[in-house]
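Below is one structure, written out as structure tokens, with a few remarks after it.
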Amino acid sequence: MRKIVECVPNFSEGKRKEVVDQIVSAILSVPNVFLLDVEMNPDHNRSVITFIGEPEACVEAAFRATKKAAELIDLNKHKGEHPRIGATDVIPFVPISGVTMEECVELAKKLGKRIADELQIPVYLYEQAATRPERVDLANIRKGEFEGLKEEIEKNPERAPDFGLPKVHPTAGATVVGARFPLIAYNINLNTKDLNIAKNIAKAIRFKDGGLRYVKALGFEIKEKDCVQVSINMTNYLQTPLYRVFEMVKREAERYGVMVRESEIVGLVPLKALIDTAVYYLQLDSFKENQILEMRLPETKSLVSFLSDVASEKPTPGGGAVSALAGNLGTSLLIMVCNLTIGKKAYSAYEEKMKELRNTLDVYAQRFYNLIQLDCDAFNKVMDAFKLPKEDKERENKIQEALKNAINVPMEIMEKSLEVLKLSFFIAEFGNKNAISDCGVGINLLYSAIKGAYYNVLINLLPLKDEKEKKTLKENSEKILKESEKLLKELEEKIFQRLSKKKKRP
């Protein structure tokens, strides 16, 4: 199982998008790291960035992000509703796949030491990585915020950091690093401007003041929406579910004659948290998660997992699957051009044809998607056949059968891609001119799908023993390749012609 961790650093900047964009770029400069979400809140003046990847890659990405934040954020000039002690305020590591909580703790310690040593930013460890009981709770570490910590860290031994000197960085402050269970950042807005009500409700529901276990909460004023908010961190949604928190806030608000205006989830949320909430409110009896339609669909891989697997040492997914993906992407771009043409007055004469093409291409796109997995399965069957004992009398027949199947998949990719290229002529000629470059990218991806699949046909033909069939398959694949080269040239001539005449966008 591939090792995957989630990292969710919080930065003390929620107003300047250009600053957050630079921090995101620093994260994405590390290979094998994938961005999942970026949330900016101007009232809190805070951003939450979520990314996943291999453990060491996530450590490197978090370090680069911290370094960039230290260059761009000055806490002496920072003001916001959310408590903070650092430009990079907190960096939690969350185990996702093939990684234990203990390993995440070690990642936190490794990153914390490096931040302190190389950036001269003092680091505190929290949650599962905490070195002291009182530092498990992030609120205790943040007490006094940047301004208070700046003085106390040098005088009070109890505030000494886990890594680095007892002195805050002059502009970047201090940083908290740790390992934790998946957290849900959940906010409930009330239809009142009375901040005291939000603060009282937050006190009533948070665990440290006698409220719900695994709940941390604060009351804030949300000027942008002209209301107040109960801002909640749920540290274990399995033990204290989302709906229980909502119901308690709702009931507490009613005591003050106030109603819940709306609620929001910041960043990502585990699916089970939402399923449990639906089961509770719908009063579903004996409901099982496998009753959800999407749970019963054939297992598919996320794009993040797919890309990671392509770059791994595993033989699948390989060139055939990537060729199918190219076919899917190329077809999807042509569908996009159809959608950008439909409904536009200037192209009303072509609307019905564009709708027809879009519906046809949707079928092709889905087939390409299925061919991704089919190619992986076909290759695995070839490998399984070759692994059979040599004394097995059926071994050679099974190898030959598996090879034929492994050829059929890339042959279908070639055939389907060629068919889509033929359908794209109308789109290239009459599609929305502002999206003609997307049409160009689409047809080139389709040609790449054909060329890539052609290579896979050739390599699987080598061990095939039926010379007659081998010759037929080779001739058919070469015919498709040759025809696609001709079509690509003709299509590009149309596209370049339209690009040269393209007027400025209104």
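In the list Leu473, Leu445, Leu464, which residue meets the criterion of being assigned to a loop (DSSP other than H, G, I, E, B) and of a type outside the set (Asp, Glu)?
So the residue among Leu473, Leu445, Leu464 that is assigned to a loop (DSSP other than H, G, I, E, B) and of a type outside the set (Asp, Glu) is Leu464.
Quick check on region 45-53. Is at least one of its residues over 27 Å from Lys150 (Cα atoms), aliphatic (A, V, I, L, M), in contact with a strand residue (DSSP E or B) (Cβ under 9 Å, 6 or more places away or on another chain) and part of a helix (DSSP H, G or I)?
No, there is no match, as no residue in region 45-53 is over 27 Å from Lys150 (Cα atoms), aliphatic (A, V, I, L, M), in contact with a strand residue (DSSP E or B) (Cβ under 9 Å, 6 or more places away or on another chain) and part of a helix (DSSP H, G or I).
For region 1-44, enumerate the residues that are more than 27 Å from Glu103 (Cβ to Cβ), among the basic types (Lys, Arg) and not in a helix (DSSP H, G or I).
Scanning region 1-44 gives Lys15, Arg16.
If I filter region 89-113 down to residues being touching a Pro at 6+ places or on another chain (Cβ under 6 Å) and part of a strand (DSSP E or B), which single residue comes out as surrounded by the most Cβ atoms within 10 Å (Cβ to Cβ)?
Per the stated criteria, the residue is Ile91.
Taking Ala57, is it within 30 Å of Ile222 (Cβ to Cβ) and among the small types (Gly, Ala, Ser)?
No.
Closer than 20 Å to Leu183 by Cα, touching a helix residue (DSSP H, G or I) at 6+ places or on another chain (Cβ under 6 Å) and modelled with pLDDT under 95 - does that describe any residue in region 87-102?
yes
All but one of (1) more than 23 Å from Leu421 (Cα to Cα); (2) touching a helix residue (DSSP H, G or I) at 6+ places or on another chain (Cβ under 8 Å); (3) of a type in the set (D, E, K, R) hold for Lys355; which doesn't?
It is condition (1) that Lys355 fails.
Hey, can you tell me all the residues within region 114-124 that are outside any helix (DSSP H, G or I) and surrounded by fewer than 24 Cβ atoms within 10 Å (Cβ to Cβ)?
Result: Gln120, single match.
Does region 452-472 hold any residues that are touching a Lys or Arg at 6+ places or on another chain (Cβ under 9 Å) and surrounded by 14 or more Cβ atoms within 10 Å (Cβ to Cβ), and which are they?
Residues satisfying the conditions are Val457, Leu458, Asn460, Leu461, Leu464, Glu469.
Here are the criteria: (1) farther than 18 Å from Thr66 by Cα; (2) crowded, with 19+ Cβ neighbours inside 10 Å; (3) touching a residue at least 40 places away in the same chain (Cβ under 8 Å). Tell me which single one Val176 does not satisfy.
Failing condition for Val176: (1).
Give Glu356, Glu313, Glu351 a once-over and let me know the one that is acidic (Asp, Glu) and surrounded by 15 or more Cβ atoms within 10 Å (Cβ to Cβ).
Testing whether each residue is acidic (Asp, Glu) and surrounded by 15 or more Cβ atoms within 10 Å (Cβ to Cβ) leaves just Glu351.
If I filter region 369-387 for residues that are modelled with pLDDT of 90 or more, in contact with a Lys or Arg (Cβ under 7 Å, 6 or more places away or on another chain) and surrounded by 20 or more Cβ atoms within 10 Å (Cβ to Cβ), do I get at least one hit?
no
Across region 243-287, which residue is nearest to Leu212 (Cα to Cα) among those that are charged (D, E, K, R) and within 27 Å of the chain's Cα centre (by Cα)?
Selected residue: Asp276.
Just for helices (runs of 4 or more DSSP H) wholly inside region 127-246: which have at least 1 residues that are closer than 30 Å to Ile275 by Cβ?
138-142, 195-205
Please verify whether Asp226 is surrounded by fewer than 22 Cβ atoms within 10 Å (Cβ to Cβ) and at positive phi, treating the condition exactly as stated.
Answer is yes for this residue.
Among the residues in region 173-180, are any of a type in the set (Ser, Thr, Tyr) and under 21 Å from Ala108 (Cα atoms)?
yes
Which condition from (1) of a type in the set (Ser, Thr, Tyr); (2) surrounded by 16 or more Cβ atoms within 10 Å (Cβ to Cβ); (3) not assigned by TED's automatic domain parsing to the domain that holds Thr235 is the one that Ser263 breaks?
(3)
Just give me the residues in region 216-230 being touching a Leu at 6+ places or on another chain (Cβ under 8 Å) and within 11 Å of Asn41 (Cβ to Cβ), in sequence order.
Phe220, Gln229
Identify, from the list Ser417, Ser477, Ser424, the residue that is touching a Cys at 6+ places or on another chain (Cβ under 9 Å), closer than 25 Å to Thr360 by Cβ, polar (S, T, N, Q) and in contact (Cβ under 8 Å) with a residue 60 or more places away in the chain.
Ser424
Out of curiosity, is Val258 in contact with a strand residue (DSSP E or B) (Cβ under 7 Å, 6 or more places away or on another chain) and either outside the structural domain of Val420 (by TED's automatic domain parsing) or within 23 Å of Ala453 (Cβ to Cβ) (or both)?
Spelling it out, Val258 is indeed in contact with a strand residue (DSSP E or B) (Cβ under 7 Å, 6 or more places away or on another chain) and either outside the structural domain of Val420 (by TED's automatic domain parsing) or within 23 Å of Ala453 (Cβ to Cβ) (or both).
The values are calculated or read from the model by the stated rules, or taken from the named source; none is laboratory data. Treat the numbers as computed from the prediction; the structure is a model and nothing was measured. Please note: Cβ atoms are built from the backbone with ideal geometry, for glycine as well, and neighbour counts cover all protein chains shown.
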